[in-house]
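The values are calculated or read from the model by the stated rules, or taken from the named source; none is laboratory data. Worth saying up front: this structure is predicted, and the values here are computed from it rather than measured. All Cβ positions, glycine included, derive from the backbone under ideal geometry; neighbour counts span all protein chains shown.
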Amino acid sequence: MTYVIIFLVLFVVFVFFVLFTIRKKWAIRKVRKLSECEKLEEVNKVLYPFGFAFDLNQDIVISRNDAWQREVGFCNLYDLKAPFFNIVTDAEPIYFVYREKEYRLEFWKGQYGITTGAEIGLYVREKNSKDIKGFYRSVSDFERLQMGFMLYDNCFLFSRSDCSWWLTGFDVGKFSHPRDLTLKICIAFPNQEMQIAFVEGLLKAGYEQNKIKICEGAVCFSFCCSHHYMNHKHKLIKCFAQVCNCINVALFNFCTRYFTTTLDKLVYIRYMFPCLYRFIIKCSIPKRKHKHFLKNKQRRKKNQNVNG
């Protein structure tokens, strides 16, 4: 009886190996037959509901200007809880007052699940707001700024530039420690008054004046480490998250070792492991208040129907 069980187990393993090999070869051929436009369409179908898109030129994931995250604004709680979602970053909010409004221009760099990434977000609220949660709304189209950054990990990784409220970039399948990343930032302001207010915010945050470059309407500087923010909280959770991130990145790169570009790797996973594909997409982007947003959206629709 024992030999029969051993034989059956070995037979099942053999059949699984044969089927896996056949499927792998089929998936590789399938990816190589598709055009870049077809691959891009496949990936963007899944990224779109999360507020993201794929940048074919740099082979990275980026956020869209019309992303759902714009409706939920920002507060300190998002940064505080980020490590529980495998997001381990250095963050730096810069506060400044301009025309009776308090602005929060924050930048991040670090590890977002199986991606190395960076962000710049611009948020605002009324001056002397009594909101105890410190909530800021995302700026309107009229308030958006021309922003740009370059991300380095000893060598250049990628760059972004756009007139936006939230500028991001995520390199899927790369593992980094936040302390090893350098973010070179350049932000253009509509007038000198706002520019001066922002520079004063940088100085209050601990940046040295000789390291801040002002060129016409733009302010440029480097973000290497946070000066005073909550980056040292939840150390144990962050350590555990980084171990998980490192393992997941290694597994992703091993499974997709037949391809060199991120786009090809994501499409390969789509055909090879369809059940894991959506999970990997979710692990490739920051997930801040998505469920909360969807619940609020459904609640607003119900209220509109009742009022109507």
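Exactly one residue among 287, 282, 295 is more than 24 Å from residue 175 (Cα to Cα) and modelled with pLDDT under 80, and that residue is 295.
With respect to the conditions (1) surrounded by fewer than 17 Cβ atoms within 10 Å (Cβ to Cβ); (2) closer than 23 Å to residue 173 by Cα; (3) in contact (Cβ under 8 Å) with a residue 40 or more places away in the chain, residue 257 lacks only one, and its number is (3).
Restricting 246, 215, 225 to residues that are under 18 Å from residue 80 (Cα atoms) and either among the aromatic types (Phe, Trp, Tyr) or not assigned by TED's automatic domain parsing to the domain that holds residue 34 (or both) narrows the list to 225. Of all residues in segment 41-61, those being of a type outside the set (D, E, K, R), surrounded by fewer than 19 Cβ atoms within 10 Å (Cβ to Cβ) and at pLDDT 90 or above number 5. Annotation: residue 143 fulfils all but one of (1) free of Cβ contacts under 8 Å to residues at least 40 places away in the same chain; (2) under 20 Å from the mean Cα position of the chain (by Cα); the unmet one is (2).
Do we find a residue being closer than 30 Å to residue 247 by Cα, touching a helix residue (DSSP H, G or I) at 6+ places or on another chain (Cβ under 9 Å) and at pLDDT 95 or above anywhere in segment 158-169?
yes
Within segment 107-142, being modelled with pLDDT under 95 and of a type in the set (Asp, Glu) holds for 126, 131, 141.
Which one of 173, 201 is closer than 30 Å to residue 259 by Cβ and small (Gly, Ala, Ser)?
So the residue among 173, 201 that is closer than 30 Å to residue 259 by Cβ and small (Gly, Ala, Ser) is 173.
Kindly list the number of the only condition in (1) closer than 25 Å to residue 161 by Cβ; (2) in contact with an Asp or Glu (Cβ under 8 Å, 6 or more places away or on another chain) that fails for residue 34. Tallying (1) closer than 25 Å to residue 161 by Cβ; (2) in contact with an Asp or Glu (Cβ under 8 Å, 6 or more places away or on another chain), residue 34 fails exactly one: (1).
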